[in-house]
Every structure is written in structure tokens, then in C-alpha cells.
1. Let's test the formula: R0 of 51 Å, r as the Cβ-Cβ distance of LYS117 and VAL224. What FRET efficiency results, to the nearest 0.05?
2. Between region 298-355 and region 215-245, what is the C-alpha centre distance in whole Å?
3. So what's the back-of-envelope 222 nm ellipticity for the chain, counting only DSSP H runs of four-plus at -39500 (n - 2.57) apiece and dividing by all residues, rounded to 500?
4. Could you work out how far apart the two model spin labels at SER182 and MET1 are, taking each label as a point 7 Å from the Cα in the direction of the beta carbon, and quote it in nm?
5. Say each of LEU62 and VAL16 gets a label point 7 Å from the Cα, pointing the same way as Cα to Cβ; how far apart are those two points in nm?
6. Mind putting together the pair-distance distribution for the chain? All Cα pairs, 20 Å bins, whole percent per bin, short to long.
7. Please label the shape of region 156-263 as rounded, prolate or oblate, based on the square roots a ≥ b ≥ c of the eigenvalues of the alpha-carbon gyration tensor (a/c under 1.5 means rounded; beyond that, a/b larger than b/c means prolate, else oblate).
8. At 18 Å minimum axial length over the Cα atoms and a Kyte-Doolittle cut of -1.0, report the qualifying DSSP H helices in the chain, or say none.
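Just so you know, all these numbers are worked out from the coordinates, no wet-lab data involved. The model shown is predicted, which means the values in this text are computed figures rather than measured ones. Positions of Cβ are generated from backbone atoms using ideal geometry, with glycine treated the same way; all protein chains shown enter the neighbour counts.
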Amino acid sequence: MNVQMNLTTTPKQKPVDESNLGFGHVFSDHMLLINYTEGKGWHDARIEPYHNISLDPACQVLHYGQEIFEGLKCYRTPKGEFQLFRPQANFERFARSAERMGMAPLPVEEGLDTLLKLLSVDKEWTPHEEGTSLYIRPTMIATDAFLGVSASKTYLYYVLLSPSGAYYAEGLAPVGIYVEDSYVRAVRGGIGFAKTGGNYAASILAGVKAKKNGYAQVLWLDGVHQRYIEEVGAMNMMFVYEDKKIVTPALNGSILPGITRDSVLQLAKKMGYETEEARMDINDVAADIKAGRITEAFGTGTAAVVSPVSKLCYQGEELQIGDGGIGHITMDLYNTLTGIQFGKIEDPMGWVVKV
């Protein structure tokens, strides 16, 4: 796809103190935009200076939430090169999300090709400090100005780049998770597997409650029985049994199929660990934590990568996992995965794409 270039003449100053970047607050000089019109397809691909978007007040995304997004990262290697981690998988999921939301899928090849063109302009916004990266946010919104519940005939696709530090302020420090047994996030047959804003909007109130009680995130249970573990607000969950077996909730249509989740499962097998995708009853998990059978727990996601979990709070009872610290399997997987992403160790899976 041909991309028109309209580059800024007044570049912004890049962050000087990369140790204090936070997550999702700073944005690069440019953004990528592509329009879609029914009957015409995707058109007018362009890279422009970062700017506000003007929308009609009747725009469908503002009323009915027809919207999807993705999240991936660009990493700076010790050699000063730049690379992406499994970007094709992100654009494949983006297409699946679009189909579920009744939107026009962006071809995977065009998504990756245009992203590489944007990065060719702004890749130097990728920070240098250990653990930092350039977070990439592809987004698609419905743009028809029409107050009727129907699929839009026009869409806007855009990509933002944000130099970022750790998703959690605690970094790799173990976090506490609150098990939500009142509200639900998604149900099978709904949109839980799609990366769309509505899933996250449904999680915000419970997240506020969890943080007021001193917990970093919410662990969601299934929407029918409110008994089976699904996922954390920004992560898939994994539990280590007896220091050797990694178990994670099986995908069932209401759980986001995380790319980091899949990567960890594949890497774990290659590293000699047992893995299992299963239906996990929260009561069984709580009993296994108390009995010491669950020795570690961690979340996986693009933003947090691998995040150790120190404890769960379930029905008012706090359950410490292991000794409350970072388990050796969690650390092993974190070091291996981030080593591949940052180009510090060889990629045995063929996942890395050079920029």
C-alpha cells in the first residue's frame, strides 16, 4: 500500500529521563492513518504529525462502541537495532476482532507493511533504558455519522507510538490480585475474545474497587457460574503446580487469546516444563494455594510481559502464593521471553521481525 508522507517540521523533544516514562503518556512525532469506505476499500494511507482527530458528534463509535485495538512493542537491541515480536499475530488477531465487531478487516500484510513504514520514521523514539520499549497501539473506529445501531460503512484506522516503561509502577515486583465474584466481564458467545474497548469498559468499576483495597488488578470469573477463572484485566493468568507444571485457563470464547500467553506456553514446553490449558475452578485453586500445591502464579500480556502474582484475595480471604516472591519458573520465563524480545538471546522460534 502506498503511504503518503507529511512529516513534521517541528519535532518534539524526546524524553530525557527514561527511567520515569510510565506507560502510555508520551507519544512520538507521527501517526499513521488509513480510511475505509464500503465499495472502495482501504484508501488514503498517510503518515502525519501527531494530532487530534475531529469526529462528528453523531459518529457511531461514540454511541455504539464499534471499535477495536491492538498492542505490540518495538524493542531496541544492545546492538542498536530495532525489532518487533510476533507482529503478524497481532494483525491476525486485529482482523478476528474486526470480524467479530462487524467491521472491515485490515489485511494482515497491509497492517504490518504500513506499521514498518511508520517505524522507519519514528523508530528512534524507542527508548534505551533496560526494560523500556516503544509501545504500538493500532486502533480502528467506526466513523459513520448516524444514530442507528448498525455496522458502519466507513472506518478510520490509525496507529500511535508511545515510548514506555513498565506497565505496573511496581515493575517486576509481585502484585496482589483481587478475585471479582460479583461483576462479570464477558460471556461465551459475546465479545470477550475480541480486543475491543467494551471489554475493558466493563472491567473499570471492579478495577477501581480492587485498587481501593490495595490490589493491582482484578481476576475475572466466568459470566455464567462465576466460578471458573478467566483472565486478569490486562493479562492472562498462569499457575505453577509443584514447581514444574504450568496451568492456564483454556480459551473458551470469553477469554482474550493473548499472544504473550501463547508465546509463554510454547517457550515453556521448549524449556522442558509441563503445560496444560484447563477449566480452573476458583475454589480448587484457592484450596491448592492453601495446601502449597500452587507454588507460583503470574500474568502474561504485551504491556506487562510477565508479571509475578504474590497473592489472591477471594471472598475476603487473602491467599499468599508460595513465599510471596518471584518464583524461579516465572523468572526463567521472563528472562527468556524478554531476552528474545530485546535481542539479548537467540530467537529459536522465528518470532522476531527486524525494523
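1. It comes out at approximately 0.70.
2. For region 298-355 versus region 215-245, the Cα centre distance is 14 Å.
3. -7000 deg cm²/dmol
4. 4.4
5. Going by the 7 Å Cα→Cβ label model, 3.9 nm.
6. Calculated over all Cα pairs of the chain, the distribution is 29, 58, 13, 0 percent.
7. Rounded is the answer for region 156-263, as its axis ratio a/c remains below 1.5.
8. 108-122, 328-341
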